[in-house]
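Have a look at the structure below before the remarks.
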Amino acid sequence: AQPVIVAIDGPSGTGKSSTSKAVAAQLGLSYLDTGAQYRAITWWMVNNGIDIEDPTAVAAVAGKPDIVSGTDPQGPTITVDGVDVAVPIREQDVTSKVSAVSAVPEVRARITELQRTIASSADGGIVVEGRDIGTTVLPDADLKIFLTASPEARAARRSGELKGADLHTTREALIKRDAADAGRKTSPLAKAGDAVEVDTTDLTLQQVIECVVTLVEEKR
Ligand code: C5P
């Protein structure tokens, strides 16, 4: 089969990560979680005392941290300056700050370059998930998917992941983050004109995976 590049975008709680990992594993492709990269740079900013409300301060150090992503869908990894940050980047503190950091153009330029390098060196093909993969990072992707779901479904999935988190609080935080991601100037969350939209509200994860696998197979 030809190496295939798949872009999967959409807001949080639509099952992007679970779907992307499973599709990549099933088809023998690499996998890149671009949200983890934005979380990793945010983690570094917080750890180094950078005022994340100050875009100039964030921009000035955007090139400093060395962010490395392992692209095996069976066990993706993420390190910053050699430190494994897979766990701390999921904490609430990072989650609440990541939209501000990822809105800074210098941050996006830096991370986008990393993403393109990884995608072009994935010999067998890759599934890349994020917010702007189909529109900006990999506009020539072989297949673009845009996952959606109702706010209720998304909040329910997220609070399931967070084990016991309050549904209302989760829903509010998620809506706020999506609005920030969709409303920013540089490379906002958006569906590419040539993306296939899949509404996952009433689908099981297995159904979404099967749908995407079928779409990829049609492209190969
Ligand atoms: O996918 P995840 O929820 O881990 O993404 C965390 C954050 O990273 C998003 O809310 C968004 O601010 C940022 N992000 C982005 N562009 C991407 C992927 C993620 O701006 N391609």
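Throughout, read-outs are computed from the coordinates displayed, never taken from laboratory work. It should be emphasised that the depicted structure is a prediction, and the values quoted were computed from it without experimental measurement. As a convention, Cβ positions derive from the backbone with ideal geometry for all residues, glycine included, and neighbour counts pool all protein chains shown.
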Per-q log10 I(q)/I(0), segment 59-104, q = 0.26 Å⁻¹ (Debye; single scatterer per alpha-carbon; no solvent): -1.12
Net +/- balance of residues flanking T95 in space, Cβ distance below 9 Å, scoring K and R +1, D and E -1: +2
At R0 = 35 Å, FRET efficiency that the Cβ-Cβ distance of A190 and D84 yields, to 0.05: 0.65
Other-chain or far-sequence residues with amide H under 5 Å of I78's (modelled H): G70, V85, A86
Normalised contact order of the chain, rounded percent, pairs of Cα under 8 Å and 6 or more residues apart: 34
Residues of type lysines that K21 reaches as a straight line, Cα spacing below 28 Å, ignoring anything fewer than 8 places off in the same chain: K97, K144, K163, K176, K191, K219
Residues D142, D178, sorted so that the one with the fewest Cβ neighbours within 10 Å comes first: D142, D178
Charge sum, other residues only, whose C-beta stays under 15 Å from D54's C-beta, Lys/Arg counted +1 and Asp/Glu -1: -2
Selected from T117, T200, T136 as most flexible by GNM, with the chain as the system and alpha-carbon contacts under 10 Å: T117
Amide H partners (placed H, <5 Å) of A149, local residues excluded: T200
Cα gyration tensor, segment 91-191 - rounded (a/c under 1.5), prolate or oblate: prolate
Residues of segment 7-51 with amide N under 16 Å of a point placed 7 Å along Cα→Cβ from T77: 31-33, 37
For G125, residues with placed amide H under 5 Å, excluding near neighbours: V4, S30
Karplus-derived 3J(HN,Hα), 6.51/-1.76/1.60, for each residue of segment 95-105, Hz, glycine and proline x: 4, 6, 9, 5, 5, 5, 5, 6, 7, 7, x
Two-site FRET efficiency, D202 against I175, from Cβ-Cβ distance with R₀ of 22 Å, rounded to 0.05: 0.60
Rounded, prolate or oblate (a/c below 1.5 giving rounded, otherwise prolate when a/b exceeds b/c) for the chain by Cα gyration tensor: oblate
For segment 27-42, Karplus couplings with θ = phi - 60° (6.51, -1.76, 1.60), whole Hz, Gly/Pro x: 9, x, 9, 6, 9, 10, 9, 6, x, 4, 5, 5, 5, 5, 5, 5
In sequence order, calculated HN-Hα J values of segment 210-220 (Karplus, 6.51, -1.76, 1.60; Hz; x Gly/Pro): 4, 4, 5, 4, 4, 5, 5, 4, 5, 8, 8
